[in-house]
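Q: Before I ask anything, let me first share the structure, which is written out below as structure tokens.
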Amino acid sequence: MKDFESLYGEYFPKVYNYIFYRLLDRDRADDLVSEVFTRVFEKLDTYDEGKAKFSTWVFSIARNALIDELRRKKDVISLDEDDRPDIPSGFDLQLQYIQSEERRALYALLARINARDRDIIAMKYFAGMTNRSIAAELGMNESTVSSVLFNTIGKLREGMKGFRVR
């Protein structure tokens, strides 16, 4: 097992991106990521590689912290595909920090997709998790994760028409 500093360096960008693109609020993401790595540090000696890969363990801590944060702040956590979340508090303020019009448009689209789909998108594209690890983390079938990704990416692409998307 690597030392904590190495683990932090490796997992910080993935955990930060996952949390930021789920909350869409820079200040809340900063605070929550600090909390996540405090928990990781405090529980590092309880990690059992026989039970899960280290990345799965870290993202379980991150996801649990995120759920706790959403409950504390009374944000909507929805598993209903038709449910649309409230736009996160501080959303307009966050938009002013984004320089690119393309990124602003994507950010606005992400704010409007339901919580489950945004969670899956954040895990896949901002945290770099595999469909299998996302399915395990969320207690879903891997093919369901693939379908959600396919459909959500389609919606995002449709919303981004007119922008040069890479």
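Q: Run the dipole for the range 1-67 about the Cα centre, Lys and Arg Cβ at +1, Asp and Glu Cβ at -1, nothing else charged, and hand back the magnitude in debye, nearest 20. It would help to have the intermediate numbers written out before the result.
A: On the way: 10 positive and 12 negative charges, 69 e Å.
Using only the charged Cβ atoms, the result is roughly 340 debye.
Q: Under 21 Å Cα to Cα from Lys14, which lysines show up? Leave out anything in the same chain fewer than 8 places away.
A: Lys2, Lys43, Lys53, Lys124
Q: A further question on this structure: Enter the mean projected area of the convex hull around the alpha-carbon atoms of the range 16-57, in nm², rounded to one decimal.
A: Values: hull surface 12.3 nm².
Mean projected area of the Cα convex hull: 3.1 nm².
Q: If each of Leu44 and Arg132 carries a label point 7 Å out from its Cα toward its Cβ, how far apart are those two points in nm?
A: Label-label distance for Leu44 and Arg132, simple model: 2.8 nm.
Q: Residue separation times 0.36 nm, minus the C-alpha to C-alpha distance between Arg72 and Glu102: what's the value? Walk me through the numbers before you get to the answer.
A: Details: separation 30, 0.36 × 30 = 10.80 nm, distance 3.16 nm.
Going from the current span to full extension adds 7.6 nm.
No lab work stands behind these numbers, since they all come straight from the coordinates. These numbers come from a predicted model, not from an experiment. All Cβ positions, even for glycine, are placed from backbone atoms using ideal geometry, and neighbour counts span all protein chains on display.
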